[in-house]
Amino acid sequence: MSYIKRYEVRKGFSLIELLIVILLVSIVYFLGFEGVEMGKKKPKALTPLNLKSNILSSELFNGQATLLCINQCRSCYLRPDVSSEFQEYTSPIDLKNIQAYTIDKYNSLKRIEYGRYQDKKICLIMDFYHNGSSTQIILKNDQGSYFLPAFFGEPQAFSSPEEAKEYWLRNSTSVSDSGEFH
(Lines give C-alpha, C1' and ligand atoms only; values in the text may rest on other atoms or scores of the structure.)
Protein backbone atom coordinates (compact mmCIF):
# COMPACT_ATOMS: atom_id res chain seq x y z
CA MET A 1 0.00 0.00 0.00
CA SER A 2 2.79 2.40 0.80
CA TYR A 3 4.21 1.77 -2.66
CA ILE A 4 1.07 3.21 -4.31
CA LYS A 5 0.92 6.28 -2.07
CA ARG A 6 4.54 7.04 -2.66
CA TYR A 7 4.10 7.48 -6.45
CA GLU A 8 0.80 9.38 -6.53
CA VAL A 9 0.38 11.86 -9.34
CA ARG A 10 0.97 15.46 -8.28
CA LYS A 11 -1.90 17.84 -8.83
CA GLY A 12 0.08 21.08 -9.54
CA PHE A 13 3.40 22.69 -10.40
CA SER A 14 6.04 23.69 -7.93
CA LEU A 15 7.02 27.33 -7.55
CA ILE A 16 10.40 26.66 -9.19
CA GLU A 17 8.77 25.11 -12.25
CA LEU A 18 6.44 28.11 -12.66
CA LEU A 19 9.32 30.58 -12.36
CA ILE A 20 11.34 28.69 -14.99
CA VAL A 21 8.39 28.73 -17.43
CA ILE A 22 7.86 32.48 -16.89
CA LEU A 23 11.56 33.13 -17.41
CA LEU A 24 11.64 31.11 -20.65
CA VAL A 25 8.53 32.81 -22.04
CA SER A 26 9.99 36.24 -21.17
CA ILE A 27 13.29 35.47 -22.90
CA VAL A 28 11.53 34.24 -26.05
CA TYR A 29 9.25 37.31 -26.08
CA PHE A 30 12.06 39.84 -25.70
CA LEU A 31 14.29 38.15 -28.27
CA GLY A 32 11.50 37.79 -30.79
CA PHE A 33 9.89 41.24 -30.46
CA GLU A 34 12.86 43.42 -29.57
CA GLY A 35 12.74 45.64 -32.69
CA VAL A 36 9.00 45.57 -33.24
CA GLU A 37 7.02 48.69 -32.33
CA MET A 38 3.40 47.74 -32.07
CA GLY A 39 0.61 50.27 -32.45
CA LYS A 40 2.82 53.04 -33.84
CA LYS A 41 1.75 54.24 -37.27
CA LYS A 42 4.45 54.77 -39.84
CA PRO A 43 4.36 58.28 -41.28
CA LYS A 44 3.24 58.60 -44.87
CA ALA A 45 5.69 59.92 -47.41
CA LEU A 46 5.48 63.66 -47.97
CA THR A 47 3.74 64.20 -51.35
CA PRO A 48 2.20 67.29 -52.96
CA LEU A 49 -1.31 66.12 -52.03
CA ASN A 50 -0.58 65.46 -48.33
CA LEU A 51 2.20 68.00 -47.77
CA LYS A 52 0.11 70.48 -45.77
CA SER A 53 -1.68 67.89 -43.63
CA ASN A 54 1.57 66.03 -42.85
CA ILE A 55 3.41 69.18 -41.81
CA LEU A 56 0.51 70.45 -39.67
CA SER A 57 0.32 67.07 -37.89
CA SER A 58 4.12 66.71 -37.57
CA GLU A 59 5.65 66.62 -34.11
CA LEU A 60 7.98 69.42 -35.25
CA PHE A 61 5.05 71.76 -36.04
CA ASN A 62 4.49 74.11 -33.14
CA GLY A 63 1.98 76.66 -34.47
CA GLN A 64 4.18 78.11 -37.21
CA ALA A 65 6.78 76.51 -39.44
CA THR A 66 8.77 76.85 -42.64
CA LEU A 67 9.49 73.86 -44.85
CA LEU A 68 12.61 74.08 -47.00
CA CYS A 69 13.61 71.34 -49.48
CA ILE A 70 16.93 70.96 -51.30
CA ASN A 71 18.74 68.38 -53.41
CA GLN A 72 15.93 68.18 -56.00
CA CYS A 73 13.47 67.95 -53.08
CA ARG A 74 14.98 64.72 -51.75
CA SER A 75 15.98 66.38 -48.46
CA CYS A 76 13.71 68.67 -46.46
CA TYR A 77 14.11 70.75 -43.33
CA LEU A 78 11.51 72.22 -41.02
CA ARG A 79 11.97 75.36 -38.94
CA PRO A 80 9.44 75.70 -36.09
CA ASP A 81 9.60 79.53 -36.09
CA VAL A 82 11.52 82.39 -37.64
CA SER A 83 14.20 82.52 -34.94
CA SER A 84 14.91 78.76 -34.84
CA GLU A 85 17.35 76.68 -36.84
CA PHE A 86 16.11 74.31 -39.54
CA GLN A 87 15.77 70.71 -38.36
CA GLU A 88 15.95 67.76 -40.73
CA TYR A 89 12.55 66.35 -41.69
CA THR A 90 13.14 62.65 -41.06
CA SER A 91 9.88 61.16 -42.34
CA PRO A 92 9.80 59.77 -45.90
CA ILE A 93 9.75 62.34 -48.71
CA ASP A 94 8.28 61.83 -52.19
CA LEU A 95 8.73 65.29 -53.71
CA LYS A 96 11.49 64.42 -56.17
CA ASN A 97 12.00 66.93 -59.02
CA ILE A 98 9.33 69.35 -57.78
CA GLN A 99 9.02 72.69 -59.52
CA ALA A 100 7.17 75.48 -57.72
CA TYR A 101 5.01 78.12 -59.42
CA THR A 102 3.07 81.16 -58.33
CA ILE A 103 0.90 83.72 -60.10
CA ASP A 104 2.28 87.23 -60.55
CA LYS A 105 0.32 90.50 -60.49
CA TYR A 106 -0.60 90.06 -64.18
CA ASN A 107 -2.13 86.61 -63.47
CA SER A 108 0.71 84.92 -65.33
CA LEU A 109 2.24 81.66 -64.19
CA LYS A 110 5.74 82.27 -62.83
CA ARG A 111 8.30 79.65 -61.82
CA ILE A 112 9.79 80.36 -58.40
CA GLU A 113 13.57 80.41 -58.04
CA TYR A 114 14.50 80.32 -54.35
CA GLY A 115 18.28 80.46 -54.07
CA ARG A 116 20.57 78.16 -52.11
CA TYR A 117 20.79 76.52 -48.68
CA GLN A 118 23.89 74.63 -47.49
CA ASP A 119 25.33 75.34 -50.94
CA LYS A 120 22.52 73.35 -52.61
CA LYS A 121 19.72 74.70 -54.76
CA ILE A 122 16.41 75.14 -52.93
CA CYS A 123 13.48 73.60 -54.78
CA LEU A 124 10.66 74.47 -52.36
CA ILE A 125 9.93 76.81 -49.46
CA MET A 126 6.52 76.85 -47.79
CA ASP A 127 5.29 78.61 -44.68
CA PHE A 128 2.64 77.09 -42.39
CA TYR A 129 0.68 79.02 -39.75
CA HIS A 130 -1.24 78.25 -36.55
CA ASN A 131 -4.62 79.01 -38.17
CA GLY A 132 -4.12 76.18 -40.71
CA SER A 133 -3.12 78.42 -43.62
CA SER A 134 0.03 78.09 -45.68
CA THR A 135 1.76 79.46 -48.73
CA GLN A 136 -0.53 79.13 -51.76
CA ILE A 137 1.44 77.47 -54.52
CA ILE A 138 1.35 75.26 -57.62
CA LEU A 139 3.73 72.30 -57.68
CA LYS A 140 4.70 70.24 -60.71
CA ASN A 141 6.58 66.95 -60.90
CA ASP A 142 6.71 63.89 -63.20
CA GLN A 143 3.29 62.65 -62.00
CA GLY A 144 1.38 65.89 -62.59
CA SER A 145 0.62 69.36 -61.28
CA TYR A 146 -0.91 70.26 -57.95
CA PHE A 147 -2.64 73.32 -56.56
CA LEU A 148 -2.08 73.78 -52.82
CA PRO A 149 -4.55 76.35 -51.48
CA ALA A 150 -3.59 78.83 -48.80
CA PHE A 151 -6.51 78.09 -46.51
CA PHE A 152 -9.81 76.79 -47.88
CA GLY A 153 -10.12 73.45 -49.62
CA GLU A 154 -7.94 70.46 -50.24
CA PRO A 155 -4.96 70.18 -52.60
CA GLN A 156 -6.04 69.34 -56.14
CA ALA A 157 -4.23 67.37 -58.87
CA PHE A 158 -4.15 68.61 -62.48
CA SER A 159 -2.46 67.52 -65.69
CA SER A 160 -0.61 70.83 -66.17
CA PRO A 161 0.41 73.96 -64.24
CA GLU A 162 -1.84 76.00 -66.57
CA GLU A 163 -4.92 74.02 -65.47
CA ALA A 164 -3.92 74.53 -61.84
CA LYS A 165 -3.51 78.26 -62.54
CA GLU A 166 -7.03 78.48 -64.00
CA TYR A 167 -8.40 76.72 -60.92
CA TRP A 168 -6.47 79.12 -58.65
CA LEU A 169 -7.80 82.18 -60.47
CA ARG A 170 -11.38 80.84 -60.58
CA ASN A 171 -11.38 80.12 -56.84
CA SER A 172 -9.67 83.41 -55.96
CA THR A 173 -12.40 85.32 -57.79
CA SER A 174 -15.21 83.36 -56.13
CA VAL A 175 -13.73 83.93 -52.66
CA SER A 176 -13.17 87.67 -53.24
CA ASP A 177 -16.69 88.09 -54.65
CA SER A 178 -18.37 86.20 -51.80
CA GLY A 179 -18.67 89.38 -49.68
CA GLU A 180 -20.35 91.55 -52.30
CA PHE A 181 -23.72 93.07 -51.50
CA HIS A 182 -26.26 93.97 -54.17
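The values are calculated or read from the model by the stated rules, or taken from the named source; none is laboratory data. Bear in mind the structure is a predicted one, so any value in this text is a computation, not a measurement. FYI the Cβ positions are ideal-geometry reconstructions off the backbone, even for glycines, and counts take in every protein chain you see. These area figures cover heavy atoms from the full protein model, side chains too; ligands, DNA and RNA do not enter into them. Shrake-Rupley method; radii C 1.70, N 1.55, O 1.52, S 1.80 Å.
Inside the range 102-128, residues that are of a type outside the set (Gly, Ala, Ser) and not in a strand (DSSP E or B) make up a count of 9. Would you say Ile93 is within 19 Å of Asn50 (Cβ to Cβ), of a type in the set (A, V, I, L, M, F, W, C) and in contact with a Lys or Arg (Cβ under 9 Å, 6 or more places away or on another chain)? Yes.
For the range 127-160, filtered to residues that are in contact (Cβ under 8 Å) with a residue 60 or more places away in the chain and surrounded by 20 or more Cβ atoms within 10 Å (Cβ to Cβ), the residue that is nearest to Arg79 (Cα to Cα) is Phe128. Of all residues in the range 57-94, those satisfying the criterion of being closer than 21 Å to Gly153 by Cα and surrounded by 15 or more Cβ atoms within 10 Å (Cβ to Cβ) are Ser58, Phe61, Gln64, Ala65, Thr66, Leu67.
For the list (1) open to solvent by less than 60 Å² (accessible area, probe 1.4 Å); (2) touching a residue at least 60 places away in the same chain (Cβ under 8 Å), I need the number of the one condition that Gly115 fails. Failed condition: (2). Would you check if there is a residue in the range 41-53 being under 21 Å from Pro155 (Cβ atoms), touching a Lys or Arg at 6+ places or on another chain (Cβ under 8 Å), at pLDDT 80 or above and part of a loop (DSSP other than H, G, I, E, B)? Yes, there is a match, as at least one residue in the range 41-53 is under 21 Å from Pro155 (Cβ atoms), touching a Lys or Arg at 6+ places or on another chain (Cβ under 8 Å), at pLDDT 80 or above and part of a loop (DSSP other than H, G, I, E, B).
For Ala164, the requirement of being surrounded by 19 or more Cβ atoms within 10 Å (Cβ to Cβ) and modelled with pLDDT of 90 or more is met.
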